[in-house]
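Report on one structure; see the data block that follows.
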Amino acid sequence: MVDLDSEVPPLPPRYRFRDLLLGDQGWQSDDRVQVEFYMNENTFKERLKLFFIKNQRSSLRIRLFNFSLKLLSCFLYIIRVLLDDPTQGLACKELNRRCSNQNYTPGAIDWSPIIWVNRSLPLWGLQVSVALISLFETLLLSYLSYKGNIWEQILRIPFLLEIINAVPFIITIFWPALRNLFIPVFLNCWLAKHALENMINDLHRAIQRTQSAMFNQVLILISTLLCLIFTCICGIQHLERAGNRLTLFDSLYFCIVTFSTVGFGDVTPKIWPSKLLVVIMICVALVVLPIQFEQLAYLWMERQKSGGNYSRHRAQTEKHVVLCVSSLKIDLLMDFLNEFYAHPRLQDYYVVILCPTEMDAQVRRVLQIPMWSQRVIYLQGSALKDQDLLRAKMDDAEACFILSSRCEVDRTAADHQTILRAWAVKDFAPNCPLYVQILKPENKFHIKFADHVVCEEEFKYAMLALNCICPATSTLITLLVHTSRGQTAPWEAFRQLTGTKQTLNRESQQSSEQWQKMYGRCSGNEVHHINLEESTFFAEYEGKSFTYASFHAHKKFGVCLIGVRKEDNKNILLNPGPRYIMSSTDTCFYINITKEENSAFKKQEKHRKKHESKLSYHGTSRLPVHSIIASMGTVAIDLQDTGCRTSSGPTLALPSEGGREGRRPSIAPVLEVADSSSLQTCDLLSDQSEDETTPSDEEASAGLEYVKGYPPYSPYIGSSPTFCHLLHEKVPFCCLRLDKGCQHNYYEDAKAYGFKNKLIIVAAETAGNGLYNFIVPLRAYYRPKKELNPIVLLLDNPPDMHFLDAICWFPMVYYMVGSIDNLDDLLRCGVTFAANMVVVDKESTMSAEEDYMADAKTIVNVQTLFRLFSSLSIITELTHPANMRFMQFRAKDCYSLALSKLEKKEREKGSNLAFMFRLPFAAGRVFSISMLDTLLYQSFVKGYMISITRLLLGLDTTPGSGFLCSVKITEEDLWIRTYARLYQKLCSSTGDIPIGVYRTESQKLTTSESREMASQSQISISVEEWEDTKDTKEQISYRNNHRNSTSSDQSDHPLLRRKSMQWARRLSRRVPRHTGKTAEKINQQRMNLYRRSERQELAELVKNRMKHLGLSPAGYDEMNDHENTLSYILINPSPDTRLELNDIVYLIRPDPLAYVPNTAPSRKDSFCNTVGQDTREETQL
């Protein structure tokens, strides 16, 4: 065992407790040396300097005492003036005699009232005491601050003023005859001003706070002005003792009138010394005050640029949020303010903008509007500086929004700046909630600590992908995340804009623009939440299935229940299915125009016996109309009588028609509790066609059998794992190139592959990691295998190897290096038989000199595609939403011009979505990621909106949560008739929840347009006979030249146009010649023929290029376009909405894996074996 005494030496004697009590006797023998620090401050002078100058707190006390002493001396002077009587004292009799003399001349001055004053003994004693203390302090401070130059100390203005005011009082102690000598004590006001400035500096230095330069400058200006006025008042009053004998108030009146340049002239100095003093004070004021005002104006301008500070008192008493941006644009600011203040409970919040750049002119004009000037504060500063975060009172903020600059060419560098801002805010204010916007998905894991994160490229590509399989998903999500008022465009205003004449009947007037009323009203639907036990909508459905609650809530109240969240779980479940039982502690998420708290309920009493037949659903009767009236955030809902009906449920049988036989379809009731025998789970999991369950010989030989599992490789950290269709083995990188053959295949264009389904082409500049999120939703496990569309990536730059390693596991995914500017590249990638063409905005064009010109190249390229391939569905991403009015632009289209005027009126009314009535946006053919900025803003009030949006887009897959899909209404489904019956059909059969309808209608033309279209069908042209021979010769020469000419030369002499003209002329030989009106008709028909042939010229150009590339032009359909159709979305339409042919219904379908038994060994194995068959995309109604 180790001896502890030998290891640890004993303490020295001075550290023992016994020695501390008895005294240390052995320290003299200790060899330690005592070291004393700061020996240079042990001298008397250094200690005085430390107390009077160096020490901040003691120096502040000394300066405060000096300031009080100077104010006291000025106060004693005022008392002496008030007690003084110029008629008393020395030579008072002579003074009275001269004042009473009428022949007194102003030039003769009696100096005795100026030199001598009447000072009482107690007052003299106080002034002498103050003078002694002031002089002693001044001499002491001069001694302590002496640095070798004595003249520098003596010639200082404060020292000279102190000598003038203090030394004469000390002299009167030794010479009592001079006790009434006048001493200019009022000059101590300048010493008080100097002491005040030093005191303020020491005050901020003592409390470790940096004072505002603006505050110091204002203090100096005010004190300078007061000292000038006080000096002039006292000087004029004293000098006029020998003249007008003015009082202090008269002197104050004279100085104010004089310095304000008013000059009434009723009070004026009479002797030349007072006049000279006025001249001197005016000159001093003209020199000193402009300098002070100039410095103040400069600081004020700088403060306007930097924004000043957000006061601590306001931060503690009022609520505010901080918006951190690298550069503030007017569109970004208005989107944030309009969306943030759209919520009623946020009206009292302040918005503090922290931006490192100077406020531009547009932002300054907006912030000067009274609506924003009282609630928005702009601070110029950096989020990386604690001083600027302190100015914004970040530690007291309710939230901090950090937005990225998407207009930067280097988006990775913009993300790095956002990450540093988020780290700085989290370090400075750990308890402040963070709402962060990031651009690149690979940078998202750096800010996982943030409360809410929106990755732009993730949402953008996932939304564009869903647009290809669920039309107008981008418009659906945009309308859901915006705070809209649901206002519709009045028909009368729109009729005047379009020029519709009164000759049309009333029904045609209303029906022609009925889509605007329905679309505008349904656009006001948003996602809201409420607890089940507190809800009037859903409280009665406790203990019942989710589908039962959703269907009956929609039938009774017109609300659409889409998801729930358990109390003990943070995950939101979209349509958990009929097996989910509602609990009182559940949080319900529903779609409605407004939330339940702002709704008023009115129940209509009806006699059951009288209306019993009307309440049952049979025959041709419709559902009762649910009146939803939106006014100032309050909705009044007329509740129908929902009494108990028969147990058999409502019947929905078609009326009997003569001559038709067979069983009529009916709709089963939605059960309160799910019955395993009634649930058609086979439709979701195992009801596949034979070609899916058993692979064909071609697929088996080619090795095209797919498996379902998680992608083995993700291009970035933080991607949510999604169950997808995958290949058994990854495809070699050489086979991913569409336009170049390799040793495995010899295909060089999309046509050679012989795809069964149409292509989805994505035109992008680079293959970023966000493009991975475009592929995943299109290869999700719930997409039917037979309906998977081949994906072709048309990239300007070759992709990286790690990106190819991520996509090589997905079936039918290819890439090609090319551009949409090149027609050959478009034809090689299969644009002629593509279902959708997705054009992604290029990052290199975002840094245009004019912001709105960033979309110029994309818009022109898409317009070219629209002209060349009119039947192609083009989905375009733009940087600025305002540029969507140029999509599919037609300069002479009256309907588009009318919509443009309507958009301007909506913008003047303050609409948040003024562009919503634009046909490309309503149809979902254009999208801007900036429209999703409101998703981050809304998450401040609705923290669940980001999670719900990610679930709808397929970015997150929560077990038990449904997914977004769509079905198409065919002729066989029109027997359902109404949206309410469709709701019941889906809930009772497959458990799907419909949330909206995508409707396409034919655009009705006005009378003038219809006549023009009718005239195009008539071809009767009268021309001279001799032109036919001439034209034949020209045609022969043209044919010879046409063989060696390129397609670009066809625009000057189109072949098809000349054929049509020749044919028309031959017809005209049999028609007699006409004059007058017939000639005008001929010219009009010629123009129509010219327009038609121009379109055919473009078709001829495309076909020639296809022949040149060795492609077959058989699949090119140049005349099929959608010019006369319009599409729009109806979110949560009313139950009595009639279904129309080709309507596409948005569904939230339950998770098929939720019904898989838990006895399977693993999710992947069970899904690959048991659920190997694919779910059907379309529900057979």
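The values are calculated or read from the model by the stated rules, or taken from the named source; none is laboratory data. What you are looking at is a predicted structure, and each value in this text was computed from that prediction instead of being measured. Neighbour counts are summed over all protein chains in view; Cβ atoms, including those assigned to glycine, are modelled from backbone coordinates with ideal geometry. Heavy atoms of the whole protein, side chains included, go into the accessibility calculation; ligands, DNA and RNA do not. Shrake-Rupley method; radii C 1.70, N 1.55, O 1.52, S 1.80 Å.
Please list 728, 880 in order of solvent-accessible area, largest first, computed with a 1.4 Å probe with all protein chains present.
The most accessible residue leads, giving 728, 880.
What ³J(HN,Hα) values, in whole Hz, does the Karplus curve 6.51 cos²θ - 1.76 cosθ + 1.60 give for the stretch 982-987 when θ = phi - 60°, with x put for Gly and Pro?
Residue by residue, the stretch 982-987 yields 4, 4, 5, 4, 5, 5 Hz.
Using a 7 Å offset from the Cα along the Cα-to-Cβ direction at both residue 345 and residue 449, what is the distance between the two label points in nm, to one decimal?
2.8
Can you list the HN-Hα couplings for the stretch 277-284, worked out from phi with the Karplus curve (6.51, -1.76, 1.60; θ = phi - 60°), rounded to whole Hz and with x for Gly and Pro?
Taking θ as phi minus 60°, the curve returns 5, 4, 4, 5, 5, 5, 5, 4 Hz for the stretch 277-284.
In a shell of Cβ-Cβ distance under 11 Å around residue 947, excluding residue 947 itself, what net charge do Lys and Arg (+1) and Asp and Glu (-1) give?
Neighbourhood net charge equals +3.
Enumerate the amide H contacts of residue 726 below 5 Å, restricted to partners 5 or more residues apart or on another chain; note that Pro and chain-start residues carry no placed amide H.
Result for residue 726 returns 707, 708, 709.
Round to a whole number: what % of the accessible area of the stretch 314-367 belongs to carbon and sulfur, probe 1.4 Å?
Taking all protein chains in place, the stretch 314-367 shows 45 percent carbon and sulfur surface.
Hey, what's the stretch 109-260 come to in accessible area per residue, 1.4 Å probe, Å²?
On a per-residue basis, the stretch 109-260 sits at 49 Å².
What residues have an amide H closer than 5 Å to that of residue 350, excluding those fewer than 5 places away on the same chain, when H is modeled at 1.01 Å from N in the peptide plane?
319, 320, 321
At most 12 other Cβ atoms within 10 Å and a DSSP loop assignment: could you name the chymotrypsin sites (Phe, Trp or Tyr not before Pro) in the stretch 734-829 that fit?
Passing both the DSSP loop test and the Cβ count: 746.
In what order, largest first, do 335, 348 sit by accessible area if the probe radius is 1.4 Å?
Result of the area sort, largest leading: 348, 335.
Residue by residue through the stretch 773-782, what is 3J(HN,Hα) from phi via Karplus (6.51 cos²θ - 1.76 cosθ + 1.60, θ = phi - 60°)? Round to whole Hz and write x for glycine and proline.
6, 6, 7, 4, x, 7, 10, 5, 5, 8
Collect residues whose amide H, placed 1.01 Å from N in the peptide plane, falls under 5 Å from the amide H of residue 874; neighbours closer than 5 in sequence don't count.
Answer set, sorted by chain and number: 837.
Using only the alpha carbons of the stretch 947-989, determine the length spanned along each of the three principal axes and report them from longest to shortest in whole angstroms.
36, 18, 13
With respect to the cross-link table entries 556/595; 385/440; 751/785; 708/758, which display a Cα-Cα separation exceeding 19 Å?
385/440; 751/785; 708/758
The stretch 274-352 to the stretch 766-794: how many Å between their Cα centroids?
So the two Cα centres are separated by 52 Å.
Once a ≥ b ≥ c are taken as the square roots of the eigenvalues of the Cα gyration tensor of the stretch 725-872, is the result rounded (a/c under 1.5), prolate (a/b larger than b/c) or oblate (a/b not larger than b/c)?
Prolate, since a/c reaches 1.5 and a/b exceeds b/c.
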